[in-house]
1. Go through the range 452-468 and give me each residue that's surrounded by fewer than 19 Cβ atoms within 10 Å (Cβ to Cβ) and touching a Lys or Arg at 6+ places or on another chain (Cβ under 7 Å).
2. Quick test of your reading of the structure: residue 389 fulfils all but one of (1) of a type in the set (S, T, N, Q); (2) assigned to a strand (DSSP E or B); (3) at pLDDT below 90. Name the failing condition by number.
3. Inside the range 137-186, can you point out the residues that are modelled with pLDDT of 70 or more and charged (D, E, K, R)?
4. Confirm whether residue 120 is part of a helix (DSSP H, G or I), assigned by TED's automatic domain parsing to the domain that holds residue 193 and farther than 28 Å from residue 18 by Cβ.
5. Being in a helix (DSSP H, G or I) and either acidic (Asp, Glu) or at pLDDT 90 or above (or both) is the filter here, so list the residues in the range 581-611 that pass it.
6. Quick check on my filter: what residues within the range 273-291 are modelled with pLDDT of 90 or more and either loosely packed, with under 13 Cβ neighbours inside 10 Å or of a type in the set (A, V, I, L, M, F, W, C) (or both)?
7. Within the range 488-578, considering only strands (runs of 3 or more DSSP E) that don't extend past its boundaries, which have at least 1 residues that are on the phi > 0 side of the Ramachandran plot?
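The values are calculated or read from the model by the stated rules, or taken from the named source; none is laboratory data. Predicted model, so just to flag it, every value in this text is computed and none were measured. Here the Cβ is made from the backbone with ideal geometry for all residues, glycine too, and neighbour counts use every protein chain on show.
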Amino acid sequence: MFTKPDLESMQIIEGTYDPLVMLLSFIIAFGASYTAIYINRRINGKGFFHKNIWLVLASLAMGLGIWSMHYVGMNAFVISIPMKHNLVLTIISVIPAIGASYMAFYLINSDYKKVQTFIAAGFFMGCGIALMHYIGMAAMEMDAKVVYNPVLFGLSILIAIVASFASLYIFSITDTKMEKVLVKSIAAFLMAIAVTSMHYTGMLAMSFYVEGPIRVHTHDSNMIEVALFVTIGIGSLFGLAILASRLDSYVDFRMKYFDALTQLPNHNQFTEDQHIKKNTKMVAIVHLNNVEKYILAYGYSFGDAIVKSVIEIMQTSLPKETKLYRTEANRFTVIHAPAESVQNTINGLRSICLLLERPLNIDERMVSIEAVFAVSQSDEKKAVQEHFTNAIAVLHAPSTQSRHGIIKYDPKIHTFNFERQLSLDIQRAMDENELFIVYQPKVHPEQNSVVGIEALMRWKHPVYGIISPAVFIPILENANRISDVTDWLIERVCQQLAAWTNIGIELPQISINIPGMYLTSPRLNKVINRSLLKYKIQASKIELEITETSVIHDIHNAISAVRTFREKGLSVALDDFGTGLSSLSYLKEIPISTIKIDKSFIDGVPNSAKDASILKSIIHLCYSLDLNVLVEGVETKEQVQFIMGLEKVPIVQGYYYSKPLTVEEYEHWWKKRKEVGEQNGEISIG
């Protein structure tokens, strides 16, 4: 294998390379790598198919791609002696390529991601590539003795291992950016270089010796045709793999966000759209009261037929741009389209109401549908969530129970019942986890580090659905229940912080919102002390967020309370700065540690020079008072770039970095950032 023969009886022959076929081999390696990267994204993602299916597909794409590149690359080599391939060895050579790809992808997608993991993955992948290559070389049958240069032979294996390690490392550190075609292409390009470099280094290590005179043999055109067929076949496989990935992603999206029966967006999509379609002049809820009666009599398929008929009526009656959702089995939500007048949407609802008053012919049975149209409308745009909550209040008001048709929200009639119901339900909400906490990260953009998170309450009511804190907190304040809820929040946050610390998730600080009147209560001090002691939490890990209005309401006691908390080691932030009755003299007197600048100041930045100037001035003022500064509601790249261009860069919070996350979502988000930070040699958490 490594011993040169006697040159007196044998002579060495040189081969040449077909540059077009070499280019084709590189394109195959690139296509295989790109496909594998594309599929690899699905392994840890949520989807219709199990992650093991994607693991196998990624391994097949990479393994078959490496093998095909090798096979086509072999046919780029032109030598003046007859040559053919041993079919059995050629087929066997694909096994180590696929097996090594499987092991490598399995390791880089495991929970344990250290440097050793990538070294092991690179070793498996590199050895698999090399083994596949040299089994493939052994499959070559010719009238010549093949001798390998031991240095180049070893170098080819080393190149395979090192290049595989580098490529797999890039796979992982760019995982969070793999949505971008350019990033995927760069990673695939590097992997293709790794595979082809190993192959052609291995080819360079070979020398061919023949006995007697050389019989000139031209390159077999059939071999080129075979190479082209292999390329087409492998290209088709890559295409099918990518198509399967896209199909899985689409199926998962449809299942999660669309109703299977009607193909309308469902409650999940409605919840997502509330952030996108922030404001509107009208929201209506259409509830079919008596469908259950027909289901009991004729079965679920008959009930489905009723729903389909009603949807058809609604879609033909409402203005084209109106957004329609199936938020529950017999309940539909309508969001008024800005392009249409509110009256047109109301007229559409009236048309539906009139059509439903007539019996419908469903499967040759006449059916009378009783429907309630709960409508919340306003002259000016309001939050979709606020309109939705008002419509829910209409729907569940006692006066609505025996009525049908269109019923508009009247605060004098419906608000009292809604507020009363929430104040009665809050204890159950705390006991049965209807009330839950989400956490939104605070990020220092200059260092790309997480400096804390804010704990935010949400309420998933069994009747009213997700209720915004902007809705239920004022109601609980009026009902004198906000203190109980705040105690619950403090206890749960400290409990969660301790749980995260135990599993290695370190957080610099968690912020808790403290309502106005409760700030100066001795009870608050006791609850905080008890929770810190119970869960062994350092006071510096907790930040209390207070509002301007709560401070100004009782300024002297507020200053005393804040000073007490600061002496204990807690941080205190002034929230929504600039929206209340701001007083710079108060700002100077209150011993707060942080100013949170309200979202309204960043909304127009950087497009509005005036808004940008105001924001810059506020930030400069706060820093001159030796306060930490946080800007809320940062949602765009342009806003982040503006903030990073300031002389002193504040902390930011907003959807640009992350939406508010559940415990599970935050742990996944934290883990991803930590992996990327470690791999880049940076500290991205804490």
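1. Once the filter is applied, which keeps residues that are surrounded by fewer than 19 Cβ atoms within 10 Å (Cβ to Cβ) and touching a Lys or Arg at 6+ places or on another chain (Cβ under 7 Å), the range 452-468 yields only 466.
2. Result: residue 389 fails condition (2) only.
3. 141, 143, 145, 184, listed by residue number.
4. Spelling it out, residue 120 is indeed part of a helix (DSSP H, G or I), assigned by TED's automatic domain parsing to the domain that holds residue 193 and farther than 28 Å from residue 18 by Cβ.
5. Residues satisfying the conditions are 589, 611.
6. The answer is 282, 283, 284, 285, 286, 288, 291.
7. 571-577
Each row is one residue, and each column tells you yes or no for (1) aromatic (Phe, Trp, Tyr); (2) in contact with a helix residue (DSSP H, G or I) (Cβ under 7 Å, 6 or more places away or on another chain).
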position: 250; (1), (2): yes, no
position: 256; (1), (2): no, yes
position: 261; (1), (2): no, yes
position: 268; (1), (2): no, yes
position: 291; (1), (2): no, yes
position: 294; (1), (2): yes, yes
position: 306; (1), (2): no, yes
position: 318; (1), (2): no, yes
position: 326; (1), (2): no, no
